[in-house]
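Take a look at the structure below.
The values are calculated or read from the model by the stated rules, or taken from the named source; none is laboratory data. Remember, it's a predicted structure, so these values are computed and weren't measured experimentally. Cβ: placed from backbone, ideal geometry, glycine included. Neighbour counts: every protein chain shown.
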Amino acid sequence: MAAGATYEPIATNTLGSATSSVTFSSISGSYTDLIVIVNAICASGSTDLINLQYNGDTSSGLYSSTRVVGNGSTATSDRQTGGNFIYAGLINSTVRNSDIYQIQNYSNATTFKTCIARANVADNQTRAVVGLWRNTSAITSITLSHASSINFNTGSTFTLYGIAAA
């Protein structure tokens, strides 16, 4: 494989109007891993979390997240277990975020699915997250939404990449 051909763009969504969630659907199982890049700002409100769900599964108890958060002066960590989504990212109403979500082994039908996320809002905080979806189904759709009822603002971009097998 030629250098630079590892990441294959699958889909990009640039919002023409504010919306509460973004979904990538009909994801092919032909890659080894998936990468989601989020460059967004919320339509109103303050800093909020971005939730990650797979295959429309909102079942309680199947998702967990472990987070490490730093804001320039303090660092904290926490864990969310038994949830119905992964606390993957962060969004702000004044500064665009820059989040990267790496979803490993997403099409394997014998293992639970792991996500490593890095979320950055320049005037607020940086966080690292490890998320788990306790389901062996192949991931065919990914939904990003807010922890509260805040919308992603117009112009926010969401890009899904597939990692080609070597």
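Of all positions in the stretch 144-152, at least one carries a residue that is hydroxyl-bearing (Ser, Thr, Tyr), at negative phi and not in a strand (DSSP E or B).
Yes/no per residue for (1) surrounded by 15 or more Cβ atoms within 10 Å (Cβ to Cβ); (2) among the polar types (S, T, N, Q); (3) closer than 24 Å to Thr14 by Cα:
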site: Leu62; (1), (2), (3): yes, no, no
site: Thr81; (1), (2), (3): no, yes, no
site: Ser107; (1), (2), (3): yes, yes, no
site: Lys113; (1), (2), (3): yes, no, no
site: Ala122; (1), (2), (3): no, no, yes
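Against the conditions (1) more than 15 Å from the chain's Cα centre (by Cα); (2) outside any loop (DSSP other than H, G, I, E, B), Ala109 satisfies every one except (2). Here Ile100, Ile41, Ile91 are screened, and the one residue that is within 16 Å of the chain's Cα centre (by Cα) and farther than 16 Å from Arg127 by Cβ is Ile41. Just one of Asp99, Asp123, Asp78 is of a type outside the set (Gly, Ala, Ser), out of contact with any Phe, Trp or Tyr (no Cβ under 8 Å at 6 or more places or on another chain), modelled with pLDDT under 95 and within 30 Å of Ala165 (Cβ to Cβ); which is it? Step by step, each of Asp99, Asp123, Asp78 is checked, and only Asp99 is of a type outside the set (Gly, Ala, Ser), out of contact with any Phe, Trp or Tyr (no Cβ under 8 Å at 6 or more places or on another chain), modelled with pLDDT under 95 and within 30 Å of Ala165 (Cβ to Cβ). Being surrounded by 11 or more Cβ atoms within 10 Å (Cβ to Cβ), under 21 Å from Thr136 (Cβ atoms) and hydrophobic (A, V, I, L, M, F, W, C) holds for only one residue in Ile50, Ile86, and it is Ile86.
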